[in-house]
1. Would you mind putting 26-32, 103-109 in packing order, based on average other-beta-carbon counts within 10 Å, highest first?
2. Please report the base-10 log of the normalised intensity I(q)/I(0) for the range 4-159, using a Debye sum with one equal scatterer per alpha carbon and no solvent, at each q in 0.16 (1/Å).
3. What is the spin-label model distance, in nm, from residue 129 to residue 70 if the labels are put 7 Å beyond Cα along the C-beta direction?
4. Report the paramagnetic label zone for residue 115: residues of the range 1-24 whose backbone N is under 11 Å from a point 7 Å from Cα along the Cα-to-Cβ axis.
5. For the chain, take the longest principal axis of its alpha carbons; what is the angle in degrees between that and the long axis of helix 83-110, to the nearest 10 within 0 to 90?
6. Quick one: divide the alpha-carbon radius of gyration of the range 73-162 by 2.2 N^0.38 Å and tell me what you get.
7. Rank-order 39-50, 129-140, 85-96 by packing density, defined as the average count of other C-beta atoms within 10 Å over each peptide's residues, highest first.
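What follows is calculated from the coordinates using simple rules that are stated; it is not laboratory data. Keep in mind it's a predicted model, so treat the numbers as computed, not measured. Counting neighbours? That spans all protein chains shown, and the Cβs are built from the backbone with ideal geometry, glycine included.
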Ligand code: FEO
């Protein structure tokens, strides 16, 4: 059994994970609209992964004998000006998610809730990977920037994500 406070905090995190999926779905739509189908593929899979994160939290709350209460999901910002900017926004967003996961870890430790802390360690690791993969894409775009066709090359690479 986990505390009501923890259930509430996890509920908030579930909302953030689904919002992330919504944000990345919007980015996928934008990338597709400018003909970069590889980038679209990458963001579609990113969105799917976020729903997986939400599902992981939902299953955990259920296992702990509590109930998730879904909340409204805000509409994401969709005023994109370039495909390159999508990745900057993604890294910025993932850093916010990392901070949010860290707050949950802080709460779990404060409550001596070792089960939730254990679950959260998976997310801590996942956030390190997520930030690193986006930072890597941004770096590739910067390196290839002068060549002028770096977006097309990157599009080919991101098309391979499965
Ligand atoms: Fe669910 Fe991208 O963090």
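1. With the highest mean Cβ count within 10 Å placed first, the list reads 26-32, 103-109.
2. One equal scatterer on each Cα of the range 4-159 leads to -0.88.
3. Those two pseudo-labels are separated by 2.6 nm.
4. 1-3
5. Once rounded, the angle reads 10 degrees.
6. 1.39
7. Numbers: 39-50: 20.6, 129-140: 15.2, 85-96: 16.9.
Output ranking for 39-50, 129-140, 85-96: 39-50, 85-96, 129-140.
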